[in-house]
Amino acid sequence: MNNSFDIVKKQLGKKTISPCEIVSSCPFGFPDVIKSLPSSNNLSIKTIFWLTCPYLRKKLAYLEEKGFIREFSAFLKENKQELKKYSNKYRKIRNKILKDNNLIDNIPKNIVEAGIAGVSEDIYAKCLHAHIAYYLLDKDYFPGKFIEKKVGDLFCNGNPPVCSKFVGVKNA
């Protein structure tokens, strides 16, 4: 079987990926969320958790295409006080990663202060993928629950699962 990072590359359609750590896997054992790890070559870390699951990425892209971002933004605006708790938690996680890698002083203030999906203000929705990635790691993240209601199943139920096509496939 391919190693998990080869599968992540195939899931994302990339030949290479920045340093990362697999932090969540689907019920079929395939990676579904990665955590970006900063390096002196990769200081773009507004978004730390990336969704890799092709099944969910496709469903979320469809919702974004159909304008669900407007509905999601309105939901975030209505719940901005409760959202602050999660945004602050996300910032702390990102900034701890930066500090642990001695990079916090090299990062622009707008990145250090950015919320989920790199937004400058928590009430603006930018990327459903980033919110679902965070939700897969923290099931109490209520915006993720809101998106899940719209998406339906968070995991493919195919036999075989969608990612099985990446097993045994050599990287190009």
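The values are calculated or read from the model by the stated rules, or taken from the named source; none is laboratory data. Source: prediction; values computed, not measured. Every residue, glycine among them, receives a Cβ derived from its backbone with ideal geometry; neighbour counts consider all protein chains shown.
Comparison of Ile22, Ile34 shows that the only residue that is at pLDDT 80 or above and surrounded by 22 or more Cβ atoms within 10 Å (Cβ to Cβ) is Ile34. Of the residues that sit in segment 114-163 and are β-branched (Val, Ile, Thr) and more than 15 Å from Glu82 (Cα to Cα), which one is surrounded by the most Cβ atoms within 10 Å (Cβ to Cβ)? Filtering first and then ranking leaves Ile132. In segment 1-38, the qualifying residues are those that are in a loop (DSSP other than H, G, I, E, B) and hydroxyl-bearing (Ser, Thr, Tyr), and the one that is nearest to Lys99 (Cα to Cα) is Ser18.
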